[in-house]
Every structure is written in C-alpha cells, then in structure tokens.
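A short write-up of the structure that comes next.
The values are calculated or read from the model by the stated rules, or taken from the named source; none is laboratory data. Treat the numbers as computed from the prediction; the structure is a model and nothing was measured. Methodologically, a virtual Cβ is constructed for each residue, glycine included, from the backbone with ideal geometry; neighbour enumeration extends over all protein chains shown. Protein only, heavy atoms only, side chains kept; ligands, DNA and RNA dropped before computing areas. Shrake-Rupley method; radii C 1.70, N 1.55, O 1.52, S 1.80 Å.
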Amino acid sequence: MSGCPKRALCAGASLFAIMVALPAGAQEAAPRSEATAQIEEITVTARRHSEDVQKVPIAISAVTGASIEQHGVQNGQDLSRLVPSLSTAQTSRDEEGFTLRGLTNSGASFLGVENNVAPYFSQVPFPTVDGGGPGRYFDLANIQVLKGPQGTLFGRNSTGGAVLFEPNRPSSDYDGYASVQYGNDNDQVYEGMLNIPILPDELILRVAGKREERDGFTTNIVNGQKLDNRDYWSGRASLEWRPDQVFENYMVFDSYYSDTSGSSESLLGTNNGILLSKVNSSFQPTAGACFIGITLGGDNGPIPGCSFPLSISVYPNPELQNAVALQQALGPRETASNIDSLDKSWSWGFTDIATVNLTPDLTLKNILGYREYKQLLRLNEAGTDLPILEQITPNGWDEDLAQYTDEVNLHAKLLDGKLDVTGGNFFLFSHPAGNQVEISEQLGLPPAGDPQPLTAIGSLVTQITHADESSEALYSEAVYDLSGLSDSLHDFRFTVGYRYTWDHRTLNEIGPRSGNPAAPPCYIESNAANPAKNCQLDVSAAFQAPSWNAGLDYQLDPNTLLYVTTRRGYRSGGLNSTVAEASQVLFKPEIVKDWEVGLKNDWNLSGIKGRTDIALYHDDIQNAQVNQTFIDPQGDFIALINNSATASINGVEVDTTIIPIQDVQVTGSWAYTKAQYDNFILLGAGGAAASTSLGSAQPFAFVPLNRFSLDVRYFLPVPESYGDVSVAATEYYSSHTLLASTNDPFSLQPAYHQLDLHLDWNQVGGKPIDLTLFATNVYNSVYRIGGFPIYDTIGYSTGIYNEPQMFGLKLKYRWGAGAE
C-alpha cells in the first residue's frame, strides 16, 4: 500500500507538468484565470436570522459547502481536522459523538442521557443517538460549529455547543450536477443534484443524493470478514414556496440508510488479576466475605481476601495471554473475532419551516420536525475469539426511535432598530417507533474442561427497552444598541437571554437472563426503587432548570469586533436502566457556567490581507455526568451514569486566514483545551463510591491539550482557457490524548500528525467539468479514535484505529446556472 499515494501524487504532478509544458506563447497570449485567494464573507444563522459571521459575538467556526467539498469531508473525523476545537468520541466507527471544548456526547443515549453538543439538520435537532456520521456531508450550504452553552435562541439546550448542518436551499435558477469518484479499496461514490424552478421565483424543487461503496480495510482472520467498510444511500428533497412577500414555506425530506460489516476492535491489553465476582462458602454471589474469587484471566491461584486457596479464571492463562499476543502480531489492520459483525442504520426526517413576515421588522416562524432513527449493531467489544463481552442481537433493531419537535420563533426589531428581540418556545417528544431489543453475551463460559465459574458469568442478557422523553422550553434573547442611551455608546451592544426548560423521562425495561442455569433468572433485580416483578424496571423522573447568557460587544471599527459574554448551561438529568442498588437509578442535571472573551478582525497589513478570530474561555462544571462501569455481585457488567465529578476547563481558540500574495491562501486553526477534573470519585465493587478518587488535575478523555490544522492552497497562474487550478496541503496535529478517564495503562494515544493533499481543476478547458485528485493520510499515520477502555472493570481495553492512506479521483459535471 505504500506506493498508492505516490501514484496519486505522481498523477497530480503529471497533470501539472502537462499544463506548464504547453507553448509559452499560448500562455502569454491568453488572459490569466481569475481564480485567486480570497477571504470569504460567510453568512450564518446562529442567531436564527442571516448575518455575517464576523458580526456575531460568539465563537463560531463556519465551514462552507465549497470547503467541505474541496477537503473531501465525509464524517465527523474529517470535519474535526478543519475545526480543531471539535473532536469525536467513538465506540464504533460510524457512530460519532461530537466533543466540543472538552464536553462530549460519549455516553449519550435514548435512555435520557442528553448530548452536550447538539447536532441539527435544517434547524431541527437530531435524536440523541444520531448525527455526525457519513452520508450527511453533501450539497451543504455550510456547517456551523457554535461553541459554548446554547439554548436562549433556539432548539435544545446544550452545554458544550451545537453543530448546525445547513443544506443548500432551492435557488431561483435551473441548476444541477453529477459526480463520480473512485479510489483505493474499491471506493465508489456517486452524487448528484437537480434544482428545478417549477414556478419561477415562487415554487422551486431541489433534489440531491449520494451513494458510496467501499471495501473494508481491516480483516477478521477468523471468518475472513472485511470490517470498516462503507455502504450507504443518502438523499434529500426540498421544496420552497414563496407565493408573495409575506409568506414562505420550506420543506425538506432527508433519508440515510447504511448496511456495513461494522467496525473493528483491537485488543490492546488485559488486567488478569481484576476481581469480577465473589462467592461465599455456599457458592452464592456476595459483596462481602469471599470464598472463591472469579477473575477474567490468571492462573487459578489464590485471591487476596478469599478463604479458599483457589480462584476461578473465566479464561485462564495462557488463553487470554495468547489473545493479546495474537493481536499484537496482527497489527491494527487485522483482528480475530468470533462475531459476524453488523452495523445497520436508517435515519430519516421531515422538516417544515413556515415564515410569515408580518411587517418589515416582525417575523414569525414555525419549525416543525419529525425524525426516526433505527440501528442494529452486532459487535465484539473485546475484539477476540473469546466471548468476553458481545452484542449478538440476531435481527430487528437495538434502537428504534421517533422524535417530534415543534418550535415557534418570533423575531422583532423595535425602537427604530435599536432593540433586536428573539423569543419563542420549543417542544420535543421522543418515544420508541417499534420494539427495541438488545441481546448480549457477558463473559461467555470457557471451553469444556476448564474450571467453570459460578454466578451470572456465561449468561445471555436480553434487554427490551421502552423510554420516553419530553422537553419543553420558553426562551428569549434581546440585543440592544446602547446608542439608544447615549451617542457616545454608538458601537456598543448589550445582549441578554434567558431560557427555562422542563424535562420528563420515563423508562421501562425488561431484562431476563438465559444460558447459564446457575445464574439468577433476571438481569434486572427488584429493589426499593423498583418493586416490579418479572425482571422489569419501571421508573420516571422530572427535571427543570434555567439557562441564561449576558454579554457586551464593541464594534471597534468596521472590521474589528470585541466581545465578552457569560452563560449558564443546563444538561437534563436522567435514568439508568442497569443498576446494582436503588440509589443509582436517577442521576441529577449537570450545570456549566461559562465565561468567554473574543476578538474578530479582518485586517490588511502592507497589502497582506487576513482574518483572525480569537476566543478565550473558562468553564466550571458542577454535578458532571460521568459514565462509569463496574461488575456487581452477580457478575453482571453495569454501565452507569452518575454525578461523581466537578471539573474546570480553560481554553484558547484561534482561527486565521492569511493571503500573503495573490495566489496563496493560508488557513490555520489552533485549539488549546485544558479540561481537567477538580474531583472525581471512582466507583468501587458493586458501584458504591470508593474511598479512592482521581483527585484534581485529571485530564478529560478524548480531549487533547493542543490541536492545530494548517491548510495552504496555491492557485496556479494558468491561462483562463484552461480553467482554474489549485493545489492544497492540509497538515493536522494532535497532542497526546487519553481515551479513558480511569486508570487504564492502555488509554494513552500518543501525539500524531496527518497530511492530506488535493489538486482541484475546475472548468477544465473552459467546460463545466471539475477534476479532483486527492490523497489523505499521506504519512499513513496510525492512531486510535476510540474503543472500549474498561481495563479496571472487566479487565481489558480495546481500540478503534483511524483510516489508512486513501487516494482517488473525482470527476464532476455541472449544468444550468452552475455551469456558468
């Protein structure tokens, strides 16, 4: 594979050589192409109406649709290389959870654990478990990354920020394009768009779609399955109706279906001595005195604190040692798993935005949304042929959700335009659209002849879940031009916003167990908070809290904005479905208090043009919702959300674009994020708070201290008749990253670099044809992007690795208005 990117680069070099080798006279005679470096004006809707991103007094990274296409952005990992303050946390490849300013969506679920970073499509929030993966990144106007607590202007409340996917809306002109891409690993991508004015300037239809197939780049040596492939269909259709100047209605339907072999998990290492379960002298599970201790691996030797001189290891050495040694020999692009893995998902939704311009200064908008998300995931979490922890649901859907949202939004300009007010209400209701069933094997029984463990180890757990979520909110935000008080304050504006949210959660889950006659019949135990019988949990909870923001901004000159703001963010509490004791069912809301100071400046220094945006921020987090795992006395694996930490985050974000000469554009971004726990109480055996804690200065998982990207694009000075040609290199760097908050010796991902190269030739020979050559991860860097770091829970850690070198060619044909 090492020669692959060289071929791509050589192709690009040959193309360049052909152009420069043309007769010099022809070059001199023809006028030069007008394509050149420039600083774009980007319009965003971060405050629910269109405005220049440089005039908005909050930190926003806006990536245009053109930039998304130029850089070949296909998923959240790709997007994070253009927005270093944004990263992803993953337990499987295509299920990406955004992390922004240290606050992560990892652990968020349909059970009621909200996202810290809310993703939206066309102003409607995705369901909690959806958003960010492949299949979204085409025919977009832009992606707006809003940083810091959100909610006083629109949609869901969020403590870390929001990611807004804004599709291209129907335009007044007949327009269209079709493109095809081919790359290594048999990567085939087909994309197209058609914009049709049915009634010019009144009724316009736009349809777009994308199809991708790509072979997997990781091989399961047990069954030959190619993992980490892509196979999806994605499409959308939008209709805009503008019968007059007062009313307009915009509808969009989108759908995404993916059916892949799933992602690979590589076993990094094991903790052979960890105690999974204790058995008393009557061979019954116990949290107290230990007769026999059960471990994942080891030599069936004595366990400290147990009276019997023999322990039972579920997979006694050398079984576990051999599994680790095998994975080390295979490397990151092969694995050994006993599971025929699968990752199938279907996401679709409908949005209707009706706008009434009551007066030139008064606009009423209603945003109605409906979305469904379904997923079936079969996965070997330990990445071995030993059945340690596996999701093995044969069919149906693990997750099957329906979400309804409606938002009424009123925007008014008052006091001769001095006062800008936005207010409204938001409503969300989510419930299962069908049966949600997950079957998992937890520490499957060892081979016959090995000592057989007692308790629940070796059983199959079936979880049938029904969870409802509702959220209602009233919000308002006002921006006042202080020149209304005094002419000397002409360039100052004061912003204040307030939101109050009411959340309600209900959870019903049935958890029978099978497969091990020695195990109790129920995975869900009856306790004081759950008196229900028949292995059933039936609980509900309600939460409410305010959010607010206040800020002052100063337009120092037409090109320079200074601002300071403070915000309070709220993340709803929720319910745990698997607990060891009654007190663990409910977890409380998380509160984030945020301060931010920023500068936005477009500048010109001796003919060198540039744009520089800087933001400094500090966050305090109370009742941090942390995902911790442990083994209960029955030997069951428990994943628990609890409020076990307080934390603080300090950061600096810098985005700059510089045009040193006419044909060169340099774009750089740097994010410094010091996210650390002030206090973190670890859960011990059975989920009880242990006497140990991680203490202060423990870094967050998935949050590197430094990340930066540098993109250099050179516009070749070719004759206009040839078209517009540019070459670009994007260098991305991340400092070392922890992939687990707990004490896991395999959780450290060292620092790494990645280099991507692109050659873009638009209007080839003056025709409406665009040609792109690309090579990504040219260094063939290998690093982890997620996994299952449960070393101190069950006793192992696994990792998911990044994509290897990719290269290919894309050809695009445009017609209609886009051909001009």
What figure, in Å² to the nearest 10, do you get for the accessible area of L738 with a 1.4 Å probe and non-protein molecules left out?
40
Hey, what did the chain get for relative contact order, percent, Cα under 8 Å, at least 6 apart?
12
Exposure ranking of H411, H736 by accessible area [1.4 Å probe, largest first]
H736, H411
Contour excess over end-to-end distance, with Cα ends at N534 and I464 and 0.36 nm allotted per residue:
24.0 nm
How large is log10 I(q)/I(0) at q = 0.12 Å⁻¹ when the Debye formula is applied to the Cα atoms of region 271-354, each weighted equally and without solvent?
-0.56
Computed over region 93-145, Kirkwood Rh from alpha-carbon pairs, angstrom
11.8
For a quick size check, give me the Cα extents of region 426-496 along its three principal axes, largest first, whole Å.
89, 29, 15
Projected area of region 201-348, taken from the Cα convex hull and averaged over every viewing direction, in nm²?
15.6
Relative to the present Cα-Cα distance, how much length would full extension add between Q321 and I39 at 0.36 nm per residue of separation?
95.9 nm
About its Cα centre, the chain carries a charge dipole, from +1 on Lys and Arg Cβ atoms and -1 on Asp and Glu Cβ atoms, whose size in debye to the nearest 20 is 820
Provide the FRET efficiency to the nearest 0.05 for the K226-L445 pair, computing r from the beta carbons and using R0 = 22 Å.
0.15
In whole Hz, what ³J(HN,Hα) sequence does region 138-155 give by Karplus (6.51, -1.76, 1.60; θ = phi - 60°), x for Gly and Pro?
8, 6, 9, 6, 5, 10, 10, 9, 8, 10, x, x, 10, x, 7, 10, 5, x
Using only C-alpha atoms and all pairs of different ones, pull out the Kirkwood radius for region 658-799 in Å with one decimal.
18.8
May I ask you to order 153-159, 614-620 by the average number of other C-beta atoms within 10 Å around their residues, highest value first?
153-159, 614-620
I want to check the label-to-label distance for D620 and F494. Put each point 7 Å from Cα in the C-beta direction and report it in nm to one decimal.
2.4
Just the Kirkwood number for region 246-291, please: inverse of mean 1/r across all distinct Cα pairs, in Å, one decimal.
17.5
So between R169 and N679, what do we pick up on full extension, going 0.36 nm a residue minus the alpha carbon distance?
178.9 nm
Measure nothing fancy, just the Cα-based angle from helix 4-20's long axis to the longest principal axis of the chain, in degrees from 0 to 90, nearest 10.
0
Label point 7 Å beyond Cα of L474 along Cβ direction - residues of region 556-584 with amide nitrogen under 19 Å
570
Mean accessible area per residue over region 667-819 (1.4 angstrom probe, all protein chains present, square angstrom) is 36
Could you give the semi-axes, largest first, of the ellipsoid that matches the chain, computed as the square roots of 5 times the alpha carbon gyration tensor eigenvalues and rounded to whole Å?
47, 33, 25
Per-residue HN-Hα couplings for region 761-778, Karplus 6.51 cos²θ - 1.76 cosθ + 1.60 at θ = phi - 60°, whole Hz, x for Gly and Pro?
10, 9, 6, 4, x, x, 9, x, 10, 10, 10, 10, 10, 9, 9, 10, 6, 4
With a ≥ b ≥ c from the Cα gyration tensor eigenvalues, square-rooted, and the rule rounded for a/c under 1.5, otherwise prolate when a/b > b/c and oblate otherwise, region 135-235 is oblate
For W397, distant residues with modelled amide H under 5 Å away
V437
In Å², nearest 10: area of L809 left accessible to a 1.4 Å probe:
70
Which sequence of W502, W397, W761 reflects their accessible areas, 1.4 Å probe, from the largest down?
W502, W397, W761
Distance in nm between label sites at T646 and L755, each 7 Å beyond Cα in the beta-carbon direction?
4.8
Hull shadow area, averaged, region 76-218 [alpha-carbon convex hull, nm²]:
10.5
About the Cα centre, charge dipole magnitude for region 477-576 (Lys/Arg +1, Asp/Glu -1 at Cβ), debye
620
Cα-Cα P(r), region 370-504, percent of pairs per 5 Å interval
2, 8, 11, 10, 9, 8, 8, 7, 7, 6, 6, 5, 4, 3, 2, 1, 1, 0
Value of Rg/Rh across region 176-263 [Cα atoms, Kirkwood radius]:
1.22
Residue-wise HN-Hα coupling along region 238-253, computed from phi with Karplus coefficients 6.51, -1.76, 1.60 (Hz; x: Gly, Pro):
10, 9, 10, 10, 10, x, 7, 7, 8, 10, 8, 9, 10, 10, 9, 10
Can you list residues whose amide H is under 5 Å from R101's amide H, if they're 5+ apart or on another chain and H is modeled 1.01 Å from N?
none
For D711, D361, the accessible-area ranking with a 1.4 Å probe, largest leading, is D361, D711
Taking the dipole of region 226-340 about the Cα centre (Lys, Arg +1; Asp, Glu -1; charges at Cβ), the one of L275, F291, Y256 that reaches farthest to the positive side is F291
With label points built 7 Å along Cα→Cβ from the Cα atoms of L485 and S50, find their separation and express it in nm.
3.3
Rounded tilt (10° steps) of 319-330 against the dominant C-alpha axis of the chain
20
Tell me, what is the 1.4 Å probe accessible area of D187, in Å² to the nearest 10?
10
For n ≥ 4 DSSP H runs only, could you compute -39500 (n - 2.57) per run for the chain, divide by its residues and tell me the 222 nm figure to the nearest 500?
-1500 deg cm²/dmol
For F126, what residues show an amide H to amide H distance below 5 Å, using hydrogens built from the backbone and excluding near sequence neighbours?
Y120, F121
Relative to the compact-globule scaling 2.2 N^0.38 Å, provide the ratio for the alpha-carbon radius of gyration of region 490-593.
1.83
